[in-house]
Amino acid sequence: MSGKLKIETVGDREIRGERVFDAPREKVWAALTDPELIPQWWGPRQYTTVVDVMDVRPGGQWRFVHQAEEGSDEHGFRGVYREVTEPERIVQTFEWEGMPGHIAVETMELEDLGDGRTKINTVSLFHTTEERDGMFNSGMEGGASETYDRLEELLASQG
Amino acid sequence: MVQYESELDKTLAALADSNRRALVERLGRGSATVSELAEPLGMTLTGTKKHLRILEEAGLVTTEKVGRARVCSLGPRRLDDLEVFVESYRRMLDARLDRLGELVEKQQKEDEG
């Protein structure tokens, strides 16, 4: 790949990522917004990703499901598109159903580098749903064993 | 930041084992000796000690010699829910961007070819 630049954590509430792809912006935009292309890249390689809901417009919802194999546990992910500006910017929320209550607000910006390449900048901000709803939740309880089990599966699947 | 990440990796690795998670859960209900931990979980003393050492290195458990027994308690490091979410999210995002790049670059090559 042409540019695995970096992903860094800024404080404990923000992650910024930056990549350069050797493909024009329209192609990258299509991969991000076409439900038929999502299963080809969104999930971990060894998982099947199914697009359950994908309504790419402000206020529209999305929900994708990972499954390692037929009959095994499913991992659901969901969110809402907040901004959709073709072909340069998408803002959406991200929530893992295995750990409800934490959401990330992802902003992806696609920059046309003018030479057939595209730079993606991502910024992900983390909130709890209580914060999203206007309250501050300072006492985060330790995860239950079920969360650890599901986390372990998830991390293992990422390789 | 590097320090923080290696600590977190150690913690996640320590918890990536169901026996060790069982030990942490048991200690969450109060301190116990090695044999008190091993028996109800159906683990050997040697195996229990090995797992406890890994948990101790990750700061999740502390042990203290009292008389002839070794008493174990939960350690200084408590796993924060948000921390776990952010770390697992970071790994997912990284993997996702890798695969997105592979897909669009493959499509682009096919178009050019």
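The values are calculated or read from the model by the stated rules, or taken from the named source; none is laboratory data. On a predicted model such as this, the values are computed, not experimentally measured, just so you know. Note: ideal-geometry Cβ built from the backbone for every residue, glycine included; neighbour counts use all protein chains shown.
Here is a yes/no grid of residues against (1) modelled with pLDDT under 90; (2) within 16 Å of A:Pro44 (Cα to Cα); (3) touching a Leu at 6+ places or on another chain (Cβ under 7 Å); (4) surrounded by fewer than 16 Cβ atoms within 10 Å (Cβ to Cβ):
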site: B:Lys65; (1), (2), (3), (4): no, no, no, yes
site: B:Ala69; (1), (2), (3), (4): yes, no, no, yes
site: B:Leu82; (1), (2), (3), (4): yes, no, no, no
site: B:Phe85; (1), (2), (3), (4): yes, no, no, no
site: B:Tyr89; (1), (2), (3), (4): yes, yes, no, no
site: B:Ala95; (1), (2), (3), (4): yes, yes, no, no
site: B:Glu105; (1), (2), (3), (4): no, no, no, no
site: B:Gln108; (1), (2), (3), (4): no, no, no, no
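Just wondering, is there one or more residues in the range A:101-115 that are modelled with pLDDT under 90, surrounded by fewer than 19 Cβ atoms within 10 Å (Cβ to Cβ) and either of a type in the set (A, V, I, L, M) or under 30 Å from B:Leu27 (Cβ atoms) (or both)?
Yes, there is a match, as at least one residue in the range A:101-115 is modelled with pLDDT under 90, surrounded by fewer than 19 Cβ atoms within 10 Å (Cβ to Cβ) and either of a type in the set (A, V, I, L, M) or under 30 Å from B:Leu27 (Cβ atoms) (or both).
Right, B:Arg53: more than 14 Å from B:Arg20 (Cα to Cα) and more than 7 Å from chain A (Cβ to nearest Cβ) or not?
Details: more than 14 Å from B:Arg20 (Cα to Cα): no; more than 7 Å from chain A (Cβ to nearest Cβ): yes.
So B:Arg53 does not fit the description; no.
Any idea how many residues of the range A:30-78 are in a loop (DSSP other than H, G, I, E, B) and surrounded by 18 or more Cβ atoms within 10 Å (Cβ to Cβ)?
6
List the number of the failed condition for A:Ile90; all other conditions in (1) more than 21 Å from B:Glu105 (Cα to Cα); (2) in contact with a helix residue (DSSP H, G or I) (Cβ under 8 Å, 6 or more places away or on another chain); (3) among the β-branched types (Val, Ile, Thr) hold.
Result: A:Ile90 passes all but (1).
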